[in-house]
Every structure is written in structure tokens, then in C-alpha cells.
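Take a look at the structure set out below.
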Amino acid sequence: MREYEIAAIPADGIGPEVIAAGLQALEALQRRCGDFKLRVQHFDWGSDYYKAHGRMMPEDGVAQLKRFDAIFFGAVGAPDVPDDITLWGLRLPICQGFDQYANVRPTRILPGIVSPLAGVGPGDLDWVIVRENSEGEYSGHGGRAHRGLPEEVGTEVAIFTRVGVTRIMSYAFRLAQSRPRKLLTVVTKSNAQRHGMVMWDEIAAEVAPEFPDVAWDKMLVDAMTVRMTLKPRSLDTIVATNLHADILSDLAGALAGSLGVAPTANIDPERRYPSMFEPIHGSAFDIAGKGIANPVATFWTAAQMLEHLGESAAAARLMNAVESVTSEGVLTPDVGGTATTQAVTDAVCRTIRGSNV
Ligand code: NAD
Ligand code: MN
């Protein structure tokens with residue numbers, strides 16, 4: 001029996017609802033497959049913890065997570081706690097502390113789910129966005145001077161290093177090479193941002209010859225939103241900075257039907273530390289507690305987690321079950337259905353139990 005230690009951090013809003021759903025599906029998979037076991041430890045960190053202790057997690061929180069094989073994360077964000085505190089207090093310290101520099105965000109239109117793009121169905125939109133996850137615009141550098149005065153200045157410094165850009169570029173080329181179409185689009189804003197962004201373009205050109213079978217091109221991020229919307233079939237693998245990819249991947253989720261179906265994996269490709277798996281959406285407090293959060297993004301990221309752990313057969317079984325359930329029209333309201341989170345979860349677990357593939 002192969003065994004894995006998993007840290008579950010459901011955190012805020014719909015985070016606990018979708019993580020509970022994900023854990024039920026993982027439980028059903030373990031019973032169906034019978035050859036691996038996930039030992040899950042729960043952490044009650046997040047905004048409620050912050051209100052009680054003045055921090056989003058204990059001081060040694062990142063160190064406590066180090067012994068795990070993977071982290072299964074919900075979402076942070078509460079209406080009465082500033083967003084920069086929730087994000088910088090929990091999610092970003094984990095990503096940066098474990099050098100999870102590759103954030104991998106697959107997007108596909110699942111069967112039964114309707115894209116807002118007319119005439120675009122499953123097969124027409126099949127992308128993986130690779131987001132640089134350790135530096136760039138979210139490096140945390142900057143400051144404020146003369147706070148509250150008319151002459152106040154706030155700076156937000158984007159930091160790009162040759163090491164950081166080269167490693168994400170190599171990761172993206174390698175991923176593109178592993179996919180059938182072998183296409184990579186490198187996104188920047190190197191017309192207006194003429195230092196770090198020009199370096200991105202140069203490093204892309206330096207790395208490209210190591211991957212002669214990958215066809216690659218460059219896009220400016222603003223034009224990229226147009227191409228994603230009007231020519232979705234022209235794209236396959238995409239690499240972009242921390243900020244640009246954050247924005248493009250929300251757009252990608254919406255074009256695939258909903259943020260509720262968009263997963264992400266925060267990967268340490270060198271496997272020095274645990275990687276972290278989460279839906280890309282936030283805590284969605286507008287729907288929290290209503291039992292209607294779409295669990296599909298969390299099922300999909302659970303499949304990414306299984307794949308990362310080497311349990312590819314279980315990952316495929318999970319995605320097959322999810323696609324079979326969406327194709328039957330068992331959908332939450334964000335993708336046009338009437339099912340609850342639990343109804344979708346029950347259908348996925350039932351399909352896993354009955355599946356032969
Ligand atoms: P959000 O992703 O929480 O929600 C955006 C919209 O999408 C909302 O209308 C929401 O109802 C809908 N939505 C999101 N996930 C859904 C799901 N699974 N099923 C159905 N509908 C879903 O983004 P927001 O509203 O901008 O932010 C809410 C809070 O979440 C903020 O505090 C923000 O800082 C935080 N946030 C956290 C993360 C994270 O933890 N990784 C990411 C984004 C936002
Ligand atoms: Mn985001």
C-alpha cells in the first residue's frame with residue numbers, strides 16, 4: 001500500500017465546502033483503487049484563526065507543513081479582514097516558503113459545460129497557463145512614504161531574476177513539449193515595461209533552442225486577452241508573469257464556463273518541498289454557506305495532486321468521473337445547473353465506485 005501524508009487547509013468562505021467535497025472524492029477513490037492511502041491532517045488556519053490569534057497561521061506554520069507530501073488548500077478571504085492580510089498571511093508564505101515557483105493552471109471546456117464563447121465547445125479550448133509563482137509583481141517589495149499626506153508615494157516593485165525567469169521558461173517549454181500540439185505562447189508587456197519584461201523575451205529566445213520541436217510565439221498581455229477570446233484554438237501552453245497569469249487564468253476560467261471549474265497546482269518542480277493544490281477561485285463569500293459552490297475545480301486540483309504523487313491511474317479515474325457527471329448535466333448554478341455541491345459530489349463518488357476505467 002502506497003501512503004501519502006496530506007495537509008488540508010480549507011481556510012475561508014467556500015474553501016471548507018469545496019475541500020470537504022474534494023476529500024470525499026479522494027476517499028471514494030482510495031476505496032475503489034485499494035492500492036494507495038492518503039493520511040489527511042486538517043489545519044484550522046485562516047481568517048477565523050486570525051480573529052482569534054492575530055495571525056493567519058502559527059509563526060512556525062510553514063515549518064509544520066514541511067513533512068507533508070502535498071498540501072490541499074481551499075481559499076482565503078473574509079469580508080471583515082483586509083485581503084492583503086489574508087493572502088500574505090497564509091497562501092503566499094506557503095508558495096514562497098516552499099519555492100513553488102511553477103503555478104500550473106489547466107483550462108478545458110468540460111463536456112456538458114457551456115462556454116460563453118459562441119460555437120466553442122470541448123476540444124476547442126484546451127490550454128495550460130504556467131504562472132511564474134515566486135517573484136515578479138508579487139515579490140512583496142515596495143513601500144509607502146508620507147502616508148496620508150498629499151505627497152504620499154506608494155511603490156510596488158516587480159522583481160525578475162535571470163534564475164527565476166530561466167527556470168519558469170524551461171518548465172513551460174518542457175510542459176509544451178509534453179503536450180500533443182507542442183505550442184508555447186510567451187506573454188509579456190515588453191513594449192511598456194522595458195526592463196524585466198524585455199529580459200523575459202530575451203530569456204525565452206535563449207531557452208527555445210533546447211526545445212527545437214516546440215513552436216513558440218510572443219504576445220503582449222493586452223492583445224493576449226483578445227486572442228484568448230477570439231482565437232481560442234490558436235493557443236495551447238502559455239507562460240506569463242505572476243500578475244499577468246493571475247489575470248489571464250481568471251479569464252480562462254470564465255471562458256471555460258466558470259471560475260468554479262478552474263484548478264491550479266503550485267509546484268516545486270525539484271521536489272525539495274511539498275507542492276500545494278487548490279482551486280483558483282477565492283472564498284466567494286457571496287455564495288458561502290449556501291451549499292452551491294462548484295466543487296469541480298477542487299476535484300480537478302485533487303487529480304493534479306494525485307498525478308504529482310505518482311498516482312496517475314487514480315487521477316485519470318477521478319477526471320473521468322468528473323467529466324461523466326458534468327456531461328450528464330449534474331451541475332451547480334454557476335454553470336447553469338440546479339445541483340448542490342453535495343449532489344455533484346455524491347454523483348462523482350457514485351461514478352468512481354462504479355467505474356472500471
Ligand atoms: P472569488 O473567486 O471568491 O469569486 C468571484 C466570483 O466567482 C463570485 O461571484 C463567486 O461567487 C464566483 N465563484 C468563485 N468560485 C466559485 C465556485 N467554486 N462555485 C461557484 N461560484 C464561484 O473572487 P472575489 O470575489 O474577487 O474574492 C473573494 C475573496 O477571495 C477576497 O477576499 C479575495 O481576496 C479572495 N481570493 C482568494 C484567493 C485564494 O485564496 N487563492 C483567490 C482569489 C480571491
Ligand atoms: Mn487570482
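The values are calculated or read from the model by the stated rules, or taken from the named source; none is laboratory data. On a predicted model such as this, the values are computed, not experimentally measured, just so you know. Cβ sites come from the backbone with ideal geometry, for glycine too, and all protein chains shown count toward neighbours. Protein only, heavy atoms only, side chains kept; ligands, DNA and RNA dropped before computing areas. Shrake-Rupley method; radii C 1.70, N 1.55, O 1.52, S 1.80 Å.
Summary table
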{"quantity": "Selection status of Val296, among the aliphatic types (A, V, I, L, M), under 13 Å from the mean Cα position of the chain (by Cα) and under 15 Å from Ala25 (Cβ atoms)", "calculated": "yes"}
{"quantity": "Any hit, region 182-191, residues being surrounded by fewer than 17 Cβ atoms within 10 Å (Cβ to Cβ), among the polar types (S, T, N, Q) and modelled with pLDDT under 95", "calculated": "yes"}
{"quantity": "Leu110 vs. criteria under 18 Å from the mean Cα position of the chain (by Cα), in a loop (DSSP other than H, G, I, E, B) and over 17 Å from Tyr138 (Cβ atoms)", "calculated": "yes"}
{"quantity": "Residue match in region 122-132 (condition: open to solvent by 30 Å² or more (accessible area, probe 1.4 Å) and either over 30 Å from Gly257 (Cβ atoms) or hydroxyl-bearing (Ser, Thr, Tyr) (or both))", "calculated": "no"}
{"quantity": "Residue that is nearest to Val186 (Cα to Cα), among those in region 261-282 that are more than 7 Å from ligand 1 (Cβ to nearest atom) and of a type in the set (Asp, Glu)", "calculated": "Asp268"}
{"quantity": "Residue, most open to solvent (accessible area, probe 1.4 Å), within region 60-98, restricted to residues that are more than 16 Å from ligand 2 (Cβ to nearest atom) and touching a Leu at 6+ places or on another chain (Cβ under 9 Å)", "calculated": "Asp69"}
{"quantity": "Evaluation of Pro212 against (1) over 23 Å from the mean Cα position of the chain (by Cα); (2) open to solvent by 40 Å² or more (accessible area, probe 1.4 Å); (3) closer than 14 Å to Ala158 by Cα (one fails), failing number", "calculated": "(3)"}
{"quantity": "Matching entry among Val104, Val128 (being of a type outside the set (Gly, Ala, Ser), assigned by the TED database to the domain that holds Ser178 and touching a residue at least 60 places away in the same chain (Cβ under 8 Å))", "calculated": "Val128"}
{"quantity": "Every residue from region 157-174 that is surrounded by 13 or more Cβ atoms within 10 Å (Cβ to Cβ) and either part of a strand (DSSP E or B) or of a type in the set (A, V, I, L, M) (or both)", "calculated": "Ala158, Ile159, Val165, Ile168, Met169, Ala172"}
{"quantity": "Number of positions in region 244-260 that are more than 10 Å from ligand 1 (Cβ to nearest atom) and assigned to a loop (DSSP other than H, G, I, E, B)", "calculated": "2"}
{"quantity": "Breaking point among (1) modelled with pLDDT of 95 or more; (2) outside the structural domain of Thr161 (by the TED database); (3) of a type outside the set (Val, Ile, Thr), for Asp84", "calculated": "(1)"}
{"quantity": "Filter result (open to solvent by 10 Å² or more (accessible area, probe 1.4 Å), more than 9 Å from ligand 2 (Cβ to nearest atom) and touching a residue at least 40 places away in the same chain (Cβ under 8 Å)) within region 238-253", "calculated": "Leu243, His244"}
{"quantity": "Selection count where residues are near ligand 1 (Cβ under 9 Å from one of its atoms) and either among the hydrophobic types (A, V, I, L, M, F, W, C) or crowded, with 20+ Cβ neighbours inside 10 Å (or both), scope region 283-332", "calculated": "13"}
{"quantity": "Filter result for the condition that a residue is over 23 Å from Asn266 (Cα atoms) and not small (Gly, Ala, Ser), over Val128, Val120", "calculated": "Val120"}
{"quantity": "Answer from Ala302, Ala288, Ala262 - the residue that is within 14 Å of ligand 2 (Cβ to nearest atom) and in contact with a helix residue (DSSP H, G or I) (Cβ under 9 Å, 6 or more places away or on another chain)", "calculated": "Ala262"}
